[in-house]
Amino acid sequence: MPHEHLQGTGPVKPPELLAPAGSPEALAAAVAAGADAVYLAGRRFGARHYAANFSDEELRSAVDYAHLRGVRVYVTVNTLVRDAELPDVARYLLWLYETGADAVLVQDAGVASLAREVVPDLPLHASTQMTVHNREGVARAAREGFSRVVLAREVTLAEIEDIAEAEGIGVEVFAHGALCYCYSGQCLLSSVIGGRSGNRGMCAQPCRKPYRFVIGDKDDYGRPTDLRAVPGEEHYLLSTRDLAVYPSLDRIARAPVASLKIEGRMRSPEYVATVVGIYRRALDAIAAGDPWSPSREDMRDLALAFNREFTEGYILGAPDIMARDRPGNRGVLLGTVTGYDPRRREAAVRLTGDLVPHPGDGLAFCTGDPDGDVGAVVRGTPAVKNGTVRLGVGAPVRVGARAFLTKSADLEERAKRVMAKPLPQIPIDLSVTWEDGTPCLEATVSMCGGEPLRVLYRADLAMEPARSRPLTRAQIAEHLGKTGGTPFTVREMDLRYPGGLFLPIGELNRLRRGFLEKVGEAVLAARRPGPDAVRAARERVEAAISRMKRPAGPGEAKRLPSVSVYTDTLDGVEAAVRGGARTVYLEPCTPVVPGLLEDAAAVCREEGADLVWKWPSVTRRGFLDMAAPLLPSLYGAGVHGVMVSGMGALDAVRRSEPRMNIYGAAGLNVWNHRTTGAFSALFLRCTASPELPAADLSRLAESAGGAPELEVIVQGNIEAMVTEDRLVAAVFGEEPADRFLGLEDRRNRVFPLRHDGEGRTCIANAVETCLIDHLPGLAGMGVDAVAIDARGRGPRYAGEMARIYREGIDAVGRGDPGVLSALKDEVRRRALGGITGGHFVRGLPE
């Protein structure tokens, strides 16, 4: 292992160790292994729809189980929520508050707004799905009432040092487990491919599927011609390694981080026990100031638990984020096949180290093609001779294939022993006095992170003067101190026994059980709100629900929407405004030159249109420090506004140039009227989520009422991913000039690629959204603007699509929607990959 042993540097206050609990069994494993806190979900509104999760009764029991063992419980309510679901969310938040959840994680800005209104005392954590990745975003979250932010996985340790300057809020980071290819909260790929939205907890993980890189020339509409595949041995181009900061855990533990999060709500209890236990032991050693260095045995156990190859991740600046050769569990390399006996169905494997398979272990023989991998289970005890082991394999494996141990029976057995060991107990300091022979017990309970809790218990019995054999002080202490099988342990006992009294031992034990039961009830009650607080919250919930009356259905058109166009060049701006666009969002695909924006603003001004500078979906420190100081002069040059995808970027704009209009991009995930209400004073216009069905969009437009204005993306290949992975550079070394670049899946669908001005890879849907035949409905809803995404498509596409939609809107205004069919044919002739009505027409699965 390349990491050197480190000298102890004195005690360190360790961050919280936060473990996944995808099932009641995994919860018990996390607690047994030493987690400080767990995160879990009920059967509703959680971002891991396909985990076992918890029924309401299971969740209530889980909270009690954890609290009686000093472990905090954070409940995920981190999906995006439709308007019709908001009343249920309000009731669910109230129920979680009553149950004693220590915090809820949320993604939806509307849900956060609702929670602050109805259960203001329930702590809020900003989910990583909120894509918070800069200091301004964390500071905004603090002002919005969040007590913690789960940072984007892409944020580095140096950035965390900068971010932690925000006061009054804790920072949580991922330490171990799967990495998403895309920035969390910005991924629509699963949704646009198959309708399974990651924002609704249903991600189908298309990033773990095979793709091939394709390149071609472009026609005048930005479509590929002469498309050809780029040869390459790696097919899983979007598949990441798994994160493991364990080798550098001491660096993370000394950083300004409140919590280290282990990913894995879909993993087994044995996985949870193994991983949590390893991180627990390491953090305890670091906290004590002992010399610590990563253990080779621990790293092997982490790999045996599950790995797709490990990386220390973006947080530690690792260069090896991707594992493009295969998407599944790697296990640990056992050796190389040197021969195969077809008669005995045995492979001879030359061992590469000291790892030897045991009965019940799982094996994988990897040939280089994941589709050709062969699995096996070790039967019996294999013999090792001269460094070679013979293993039964049902199918032939070629010489040279690598053999991996993908499941360790020994590791699982050790994990089961961890899960079976005595659970952590809450210490009690016990004082016992007697009043007229009646035992009076007072417990001082050490509450995790809070003031000590005092519990008084007066026995329902009196001890009688002994006739012959009084109970001794030692006997009473022995029986009152027997707390085995309970969540408590007596740390100190002050026994003021007057002596000479008697009580049957069975009654003394009953006294102890009654006392400990009351202590347990008091501990749980201390973690829940009182009756008055619950009553007040319930009244707030009912009041909020009463205001959620469904607006009237769409009637006459309130206004005709204007046309907006996204483009990335000055030529695109000129073509768009000539075609009739009233707003142009310019996102240069190269580092920003102020003169380009000023020239574009002049072009728009001449045509009576507005130029808006579209910022990248992700705005890290370097971009903000470059871009924000330009805003005052750009405002003076006629740039009408800035479009942002995050609340941190919004505040950076407001601080630099308060007069600048701010537009909200699709990355803000506007799904419901609570979100538009929260944004009404901040944005001139917001883009509705491309995932919204027509009925939800209608309700959203009705409730927004023009504040902020509401825009809908009606045309173009929807941006489905933004990632820090420089995919094109990984294939070509540098991006080919003015060529079409894409990813082709096994169904021959081609997903266009482009990069933003910071060099990040952006992946678009393989099929264009087209809603031109739905313009009458959109106008009737009161939608303020319709947008065409022409980034990467060239000026001809931008100009002609703007004209087509302008003509369509004029036809709706004339009451002549019959021309829309012909206009749709025009769109189809210019489209890349065909056209679809998308979720607007199909809706989303529940």
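Values computed for the structure shown
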item: Trypsin sites (Lys or Arg not before Pro) restricted to DSSP loop in region 483-551 with at most 10 other C-beta within 10 Å; result: Arg496, Arg547, Lys549
item: Within the accessible area of region 377-493 (1.4 Å probe), percent carbon and sulfur; result: 50 percent
item: Region 488-535-region 154-204 distance, computed between alpha-carbon centres (Å); result: 44 Å
item: Overall dimensions of region 277-357 as given by Cα atoms, namely Rg and Dmax in Å; result: 17.4, 58
item: Under 15 Å from Lys824, Cα to Cα: aspartates and glutamates that are on another chain or at least 8 residues apart; result: Glu768, Asp773, Glu800, Glu807, Asp810, Asp816
item: Where Rh is the Kirkwood radius over Cα pairs, Rg/Rh for region 589-748; result: 1.00
item: Dipole of region 202-353, positive end: most advanced residue of Gly277, Ile321, Tyr340 [Cβ charges, Cα centre]; result: Tyr340
item: Restricting region 201-299 to GluC sites (Glu not before Pro) in coil, as DSSP defines it, with at most 13 other Cβ within 10 Å; result: Glu233
item: Three semi-axes of the equivalent ellipsoid, region 392-541, Cα gyration tensor, whole Å, largest first; result: 48, 27, 12
item: Solvent-accessible area per residue for the chain (1.4 angstrom probe, square angstrom); result: 39 Å²
item: Distance cut-off 20 Å, percentage of C-alpha pairs in region 690-787 lying past it; result: 51 percent
item: Span-like helix ranges in the chain, DSSP H, alpha carbon extent 20 angstrom or more, Kyte mean at least 0.0; result: 269-287, 505-526
item: Reachable lysines from Lys614, criterion Cα separation under 25 angstrom, eight or more residues apart if same chain; result: Lys218
item: Burial ranking of peptide ranges 421-431, 184-194 (average Cβ count within 10 Å, highest at the top); result: 184-194, 421-431
item: FRET efficiency estimate (nearest 0.05) - Cβ-Cβ, Ala526 to Glu165, R0 51 angstrom; result: 0.95
item: Accessible-area value, Met266, 1.4 Å probe, nucleic acids and ligands omitted, Å²; result: 100 Å²
item: Fully extended contour minus Cα-Cα distance, from Ala477 to Ala737, at 0.36 nm per residue; result: 85.3 nm
item: Options Leu624, His67, Gly506, ranked by Cα towards positive dipole end of the chain, top entry (Cβ charges); result: Gly506
item: Carbon and sulfur %, accessible surface of region 597-664 computed with the full protein complex present, 1.4 Å; result: 47 percent
item: Value of Rg to Rh for region 732-801 (Rh from inverse mean 1/r over Cα pairs, i.e. Kirkwood); result: 1.06
item: Taking N as its residue count, the alpha carbon Rg of region 361-474 over 2.2 N^0.38 Å; result: 2.33
item: Pairwise centroid distance, computed over Cα atoms, of region 115-136 with region 611-631, Å; result: 24 Å
item: Volume in Å³ per residue [convex hull over Cα atoms, computed for the chain]; result: 186 Å³
item: Per residue Cα convex hull volume in Å³ - calculated over region 472-546; result: 137 Å³
item: Volume in Å³ per residue [convex hull over Cα atoms, computed for region 517-643]; result: 231 Å³
item: Centroid-to-centroid separation of region 569-585 and region 243-317 [C-alpha atoms, Å]; result: 51 Å
item: Ranked by how many other beta carbons lie within 10 Å on average, peptides 768-780, 391-403, 320-332 from highest; result: 768-780, 320-332, 391-403
item: Cα gyration tensor of region 604-662 - equivalent ellipsoid semi-axes, whole Å, descending; result: 20, 12, 10
item: Candidate lysines - alpha carbon under 29 Å from Lys407, same-chain residues fewer than 8 apart omitted; result: Lys209, Lys261, Lys385, Lys416, Lys421
item: Radius ratio Rg over Rh of region 455-606, counting only Cα atoms, Kirkwood formula for Rh; result: 1.58
item: Average projected area [Cα convex hull, region 713-846], square nanometres; result: 10.1 nm²
item: Compactness of region 106-241 - radius of gyration and Dmax, Cα, Å; result: 19.3, 61
item: Overall dimensions of region 583-624 by Cα: Rg and Dmax, Å; result: 11.3, 35
item: FRET efficiency, Arg143 to Ala287 (Cβ-Cβ, R0 41 Å, nearest 0.05); result: 0.80
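The values are calculated or read from the model by the stated rules, or taken from the named source; none is laboratory data. Worth saying up front: this structure is predicted, and the values here are computed from it rather than measured. Neighbour counts run over all protein chains shown; Cβ positions are idealised from the backbone, glycine included. Side chains included, ligands, DNA and RNA excluded: accessible areas come from the protein's heavy atoms. Shrake-Rupley method; radii C 1.70, N 1.55, O 1.52, S 1.80 Å.
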